[in-house]
Amino acid sequence: MAQYKTPGVYVVEKNAFPNSVVEVATAVPAFIGYTEYASNKGTPLANKAWRISSMAEFHAYFGGAPRSSFTLKAQDAPTDAADFSVTAKDTNKRVDYLIERDDKAYLLYYSMLFFFQNGGGPCYIVSVGTYADGDIDAGKIKGGIEVLLKEQEPTMVVTPDAVSLSSADCQDVQQAALMHCGVKMRNRIALLDVYNGFRDRQDPAGDCITDFREAVGTNSLDFAVAYYPWVNTSIVKEKDISFTAISNLDVLKGLITDELAPVLDAKAANAAAQAKIDQLKKSLDQISLDYIKSEKDPDVATLTVNKTLLSISVLYPRIITAIQKKLNLLPPSAGMAGLYTMVDNTRGVWKAPANVSLSGVISPTVSISNEEQEDLNVTTVGKSINAIRSFIGEGVLVWGARTLDGNSLDWRYVSVRRTMIMIEESIKQACKAYVFEPNTANTWVTIKSMIRNFLTSVWKRGGLAGASPDDAFSVFVGLGETMTADDILEGLMKVSVLVAVSRPAEFIEITFQQQMQKS
C-alpha cells in the first residue's frame, strides 16, 4: 500500500480476477522446401520462416509451380507399365511408350495446394532454394529445419521435397525433423512421408514400409506421424499442362504426324478441304519451343497450340493425361496438415484426425484391406503407420490415428500427443508472467486457480475425460505438496498437473447374443 503524505482522495483499483491461460494455436505447420523465388518486394526471404495464410500470399512471396520436364521413350517390347501405345506407321506393330521425368520433382508448390484444399490456414514457409538450383540438397532442407528453432508458433514440421532425394538423404532429413521436434523443441510433431510410398508392399523393388521403419530409427517416435500410401490427387488440372512439358518434341511431332497422316496425305476435294489440311500442317510446325519463343506473347502462343492439338489429335490428350497423373501423385503429409487444421478448427485438437475424408484425392495408389492394415497399425516394433483407404460410397478416408510410437500407452495416439503439447505450451506461456514473483502462498494460489480455470474450459469442450473436473485433472503446488524448504530457498517453484486426456475409440466391439423367447 502506498504511503500517503498529502491530504486528499486517492483512487485504488484492484484486480478482481486472476490472469488467464490463453490457448496456443494447435495447427500451424511449417513447410520446408524449394520455391520459384523467395522475396518480399525485393527483400530476400531465403532461409527465413515466413508466415502466410493463403495460396495468394504464397504466390506473392514464393512464386508459382515448377516447370516439369518429361521424355517420351519408346520400349523395345510391350510393357504393362506403358503410359500409352501407338501403332507404328512403317511396321503396323504396337509400340509402347513410357513418359519419364527428366528433372527432380519439386513437390512443395503442389503440396501447398493440397494443404489449402484440405482446410489449411496460417502456416510458415522456409524456402531453402529455387527451381533454378537444378537439384534438391538434403543439407539445405536440414538447414531449413534449424531455422525453425527461433519460431515458437509452428506445431507441425513438413518436408515434402525430402522424398525426391535419395533414400539415404531422405532418411537424414526425416531423422533431423525427429530430432528437432522431439528433442530440441518438444512443442511440435513431424509429419513424415513413406519413401516410395506409392508402391505396393509386394513390389519387387522391396517393401517400402519395412524400409521406412528401419530408416526412421527409434528416437522421439511419439513426436512423429506417418501415412501410407501416397495418393492420386486432382490438384494439377489439364489446363496447367502443355506440350512444353515434353523435352523431345521431335518425337511428339512425329507421333502426331503419323496419326494424322491419312488426312495430311489425302487429296483435297476443294479449296476448303485444302485450307484445313494446310492449317493442320501449320499446327504441326508450331510444336516447337523456337516458335513459342519467337511469338510476342509466348503464353498465348502456347495456349493456342495446345488447344489446337487437343482438338485435332486423339493421342495428344492421352499423353497430357498421363503427365497430369504423374504430377498429381503426391505424398500425403501436406494434405494431412490441412486436415489437422480443419479438424482442430471444427472439433478441437483432442479429436483424432481420422475417419475423415481427404479433399482433392481421387484414390490411394495402393488399395489396402483390413488384413493388410493389421501390420501397419499394430506391429511388434511399435512403428505404427496410418492407412489411407478407399471405402465404397464414402470416398478416401484417413483410417488411422497413431503416432510412430504405437506400443506406448502414453503416446500411442496423435490426438493425445497434440493435446498435451497444447496444454503444456499454453500453461508454460501463462506462467511466464510469474517468473520472479514472490514464491509464496499467494502466488501459488493464483497459479493454481489460473491453471484450473483453463483445464476446466478444456474439460467442458471434451478435451479431458471425466464426469467432473476433479475426475479430469488435478493441480498441485505448494510447500510440503510439491516443494521443500530447500526448493524455495533455491528459487524453485514446482507445479504438478495431472490430466486425463480423452482417447479415441479405435476399436468398437459390439456383442450379440440370442435370448430365450419371453412371450
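Just so you know, all these numbers are worked out from the coordinates, no wet-lab data involved. Just so you know, these numbers come straight off a predicted model, no measurement behind them. Cβ sites come from the backbone with ideal geometry, for glycine too, and all protein chains shown count toward neighbours.
Taking the empirical scaling 2.2 N^0.38 Å for compact globular proteins as reference, the stretch 168-257 has a Cα radius of gyration ratio of 1.58. Once the dipole of the chain is set up with Lys and Arg at +1 and Asp and Glu at -1 on Cβ about the Cα centre, which of Ser68, Cys170, Val9 lies farthest towards its positive end? Of Ser68, Cys170, Val9, it is Val9. When the inverse distances between all different Cα atoms of the chain are averaged and flipped, the Kirkwood radius reads 26.9 angstrom. Here Leu498, Leu72 are placed in order of increasing Cβ neighbour count within 10 Å, fewest first, which gives Leu498, Leu72.
For the stretch 333-369, the residues whose amide N sits under 19 Å from a probe point set 7 Å from the Cα of Gln202 along the beta carbon direction are 364-369. What the Cβ-Cβ distance of Asp470 and Lys41 gives, at R0 = 51 Å and to the nearest 0.05, is a FRET efficiency of 0.40.
Taking the number of Cβ atoms within 10 Å of each Cβ as an exposure proxy, the fewest-first ranking of Tyr340, Tyr61 is Tyr61, Tyr340. With the charge dipole of the chain set up from +1 on Lys and Arg Cβ and -1 on Asp and Glu Cβ about the Cα centre, the Cα lying farthest toward the positive end among the listed residues Thr218, Ile145, Thr43 is that of Thr43. Each DSSP beta bridge with both residues in the chain is either parallel or antiparallel, and the antiparallel ones are about 60%. On a straight-distance basis, which lysines could pair with Lys282 in a cross-link, Cα separation under 20 angstrom, same-chain partners fewer than 8 positions away excluded? Candidates past the 8-residue exclusion: Lys253, Lys267, Lys293, Lys296, Lys307.
By the count of neighbouring beta-carbon atoms within 10 Å, fewest first, Ile292, Ile312 end up ordered Ile312, Ile292. Label positions at Leu264 and Gln3, each projected 7 Å from the Cα along the C-beta direction, are separated by 10.4 nm. Using Cβ point charges alone (K and R +1, D and E -1), the dipole size of the chain about the Cα centre works out to roughly 1360 debye. Straight-line cross-link partners of Lys448 among the aspartates and glutamates, defined as a Cα under 15 Å from its Cα and at least 8 positions apart when in the same chain: Glu424, Glu437, Asp470, Glu481. Fully extending the segment from Asn442 to Ile508, taken as 0.36 nm per residue of separation minus the present Cα-Cα distance, adds 19.0 nm.
Please identify which residues in the stretch 153-189 have an amide N closer than 13 Å to a label point set 7 Å out from the Cα of Glu57, following the Cα→Cβ vector. The answer is 154. If the segment from Thr380 to Gln515 were pulled out straight at 0.36 nm per residue, it would be longer than the present Cα-Cα gap by 44.6 nm. Spacing of the modelled spin labels on Val314 and Thr210, each 7 Å from Cα toward Cβ, amounts to 4.5 nm. Ranking Met493, Asn442, Ala472 by how far each Cα lies toward the positive end of the dipole of the stretch 442-519 (charges on Cβ) leaves Ala472 at the top. Counting 0.36 nm for each residue step from Ser166 to Asp250 and taking away their Cα separation leaves a gain of 27.1 nm. For the stretch 451-465, putting each phi into the Karplus relation 6.51 cos²θ - 1.76 cosθ + 1.60 with θ = phi - 60° gives couplings of 5, 4, 4, 5, 5, 5, 4, 5, 5, 4, 8, x, x, 10, 9 Hz, in residue order, rounded to whole numbers and with x for Gly and Pro. Within the set Lys140/Lys239; Lys41/Lys140; Lys73/Lys237, which residue pairs have Cα atoms separated by over 26 Å? Beyond 26 Å: Lys140/Lys239.
Site pair Ile277 and Thr484 shows an inter-label distance of 10.3 nm when each label is modelled 7 Å from Cα along Cα→Cβ. Take the Cβ atoms of Glu100 and Asp290, set R0 to 25 Å, and the FRET efficiency comes out at 0.60.
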